[in-house]
Every structure is written in C-alpha cells, then in structure tokens.
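Take a look at the structure below.
We did not get these values from a lab; they are worked out from the coordinates using the rules stated. From a predicted model like this one, the values you see are computed outputs, not experimental measurements. Cβ placement follows ideal geometry from the backbone for every residue including glycine, while neighbour counts extend to all protein chains displayed.
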Amino acid sequence: GESVGLHLPTLSVQEGDNSIINCAYSNSASDYFIWYKQESGKGPQFIIDIRSNMDKRQGQRVTVLLNKTVKHLSLQIAATQPGDSAVYFCAEIRSGGSNYKLTFGKGTLLTVNP
Amino acid sequence: NAGVMQNPRHLVRRRGQEARLRCSPMKGHSHVYWYRQLPEEGLKFMVYLQKENIIDESGMPKERFSAEFPKEGPSILRIQQVVRGDSAAYFCASSPEKDTSYEQYFGPGTRLTVT
C-alpha cells in the first residue's frame with residue numbers, strides 16, 4: 001500500500017500488480033501536466049503528458065487521470081515490472097508568459113518486488 | 001541522435017571554490033533550462049536560456065550563480081565561492097525551436113558536492 005514517510009512518499013507493489021501514483025497540484029492556472037520517471041543517478045525521463053482540457057490519456061501500460069475539480073493527478077501503471085522501480089514526479093506548466101517553467105511535485109518512490 | 005549531455009557527472013569542490021557545469025543540448029534544440037534537485041525533493045527551476053539570451057532567471061539565487069548559453073558551445077552554469085548548501089544535483093534540459101516547448105528532455109545531471 002501507499003504510505004507517506006517523513007520525506008519521500010513510497011509505494012511498494014508486487015510484480016504484475018497495477019500501481020497508482022497520486023499527485024496534488026496547487027496552481028489552477030496550470031494547463032499542462034507531465035509525469036516523469038527518475039531512476040537512481042539519472043535525469044528525469046518523460047512518461048506521459050496531459051492537457052488541462054482532457055481528463056484521461058493512455059499510453060503504453062500507463063494512464064494519466066486529471067481531476068481539475070480537486071486539482072489531482074494520478075498515474076496508473078499496468079502490470080508493474082521491476083524496471084518500473086524509480087521515483088515518479090508530476091510536473092505542471094502554467095499557461096501564459098512563463099509556459100516553459102516546469103514545477104515539480106515532491107515525488108513518489110515506487111518499489112516493485114519480484 | 002545523442003541526448004542532452006552534461007559534464008562533469010560528478011564534481012567535488014571545497015568551500016570557496018568555483019564550480020562550472022556544462023550542458024550540451026540535443027541536436028537541433030536551442031532552448032536550455034537548468035534545474036536543481038536537493039536530496040529527496042523534486043527539481044526546482046533555475047534559469048531558461050536561448051542562444052546568447054537569458055530569458056528567465058527568476059529561479060537563480062541573486063548572488064554567486066550565473067548562466068550563459070553562447071552562440072557556439074555548451075551552456076554553462078557557474079557557481080562562484082561555493083558553500084555546502086550548493087551541494088545538489090543540477091539538471092539541464094533542452095527543447096526544440098518550436099512553440100511546443102513543453103517538451104523538455106533532461107540530461108543525466110551533475111552531482112555537485114561541496115566539502
């Protein structure tokens with residue numbers, strides 16, 4: 001299950017299970033959201049994105065859900081594999097003049113047990 | 001097509017020394033962004049540059065930090081008179097010359113340790 005520790009929230013799942021990683025954002029003016037995966041010692045890697053005029057978007061084994069009413073974003077990973085173990089960050093971009101500045105959430109550490 | 005390159009990957013400096021971090025964007029990309037990541041935290045925006053121009057440096061500390069992206073060569077993030085609090089991972093990202101600059105591709109980062 002999911003727990004919130006003193007620092008990074010963690011999620012531990014069994015291989016083959018589905019994972020759901022959650023993110024709350026604060027800026028209602030954000031109009032673009034991205035999920036990044038960061039493996040230990042590496043830079044963030046793009047997973048999937050969604051615009052604010054959508055509430056769901058699917059990729060390969062991943063689905064992003066956006067609930068603008070409660071400013072909540074989630075990433076669902078189907079049939080989680082050991083290679084999915086990483087820290088997952090949501091990031092938002094606000095429309096307007098500074099529509100390039102990624103604002104990252106705190107991150108969730110996903111551990112997949114074989 | 002090589003990705004975003006950063007060097008060095010690891011950098012150790014004593015307090016008071018200078019740190020220079022380099023970033024070569026992906027081929028064809030002319031927008032560069034620098035972010036800083038403290039342990040167990042998300043990345044925080046520092047500066048956005050295009051060739052020979054600083055577009056937004058609102059995330060840069062007012063003193064000791066500077067960035068450039070010359071016409072030729074990599075982008076440089078320079079930290080003068082480093083202090084222990086500068087220890088972090090510094091990531092560079094790049095995006096192409098088009099309106100959809102939402103896509104940012106990240107390099108592997110430079111891990112700076114100040115002793």
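The figures follow:
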read-out: Cβ charges +1 (Lys, Arg) and -1 (Asp, Glu), total dipole of chain B, debye; value: 560 debye
read-out: Residue-averaged beta-carbon neighbours from other chains (10 angstrom radius) around A:12-20; value: 0
read-out: Distance in nm between pseudo-label sites at B:E72 and A:S12 (7 Å out along the Cβ direction from Cα); value: 5.6 nm
read-out: The protein assembly as shown - charge dipole about Cα centre, Lys and Arg +1 at Cβ, Asp and Glu -1, debye rounded to 20; value: 600 debye
read-out: Peptide B:87-97 - average C-beta neighbours from other chains (10 Å radius); value: 1
read-out: Packing-based order for B:38-47, B:8-17, using average beta carbon neighbours within 10 Å, highest first; value: B:38-47, B:8-17
read-out: Per principal axis, descending, Cα span of the range B:16-115 in whole Å; value: 40, 28, 22
read-out: Selection from B:F69, B:Y90, B:T115, by position along the positive dipole direction of chain B (Cβ); value: B:T115
read-out: Rounded if a/c under 1.5, otherwise prolate or oblate - the range B:1-40, Cα gyration tensor axes; value: prolate
read-out: Relative contact order [Cα under 8 Å, 6+ residues apart], chain A, whole percent; value: 35 percent
read-out: Two-site label geometry, A:T69 and B:E40: point separation in nm, points 7 Å out along Cα→Cβ; value: 3.5 nm
read-out: Charge dipole (the range B:1-45, unit charges on Cβ, about Cα centre) - positive-most of B:L11, B:H31, B:G42; value: B:L11
read-out: The protein assembly as shown: Rg to Rh, with Rh as the Kirkwood radius over Cα pairs; value: 0.97
read-out: Cα-based equivalent ellipsoid of chain A: semi-axis lengths in Å, sorted from largest, via gyration tensor; value: 24, 15, 13
read-out: Whichever aspartates and glutamates have a C-alpha closer than 17 Å to that of B:K51, once near sequence neighbours (fewer than 8 apart) are set aside; value: B:E68, B:E72, B:E97, B:D99
read-out: Charge dipole of the range A:6-114 about the Cα centre (unit charges at C-beta), most positive-ward option of A:I50, A:N22, A:T80; value: A:I50
read-out: The range B:5-114 - percent relative contact order, Cα under 8 Å, separation 6 or more; value: 36 percent
read-out: Residue among A:R61, A:R94, A:R51 with the largest mean-square fluctuation in a Gaussian network model of chain A, springs linking Cα atoms under 10 Å; value: A:R61
read-out: Peptide-level mean, for B:29-40, of C-beta atoms on other protein chains within 10 Å; value: 2
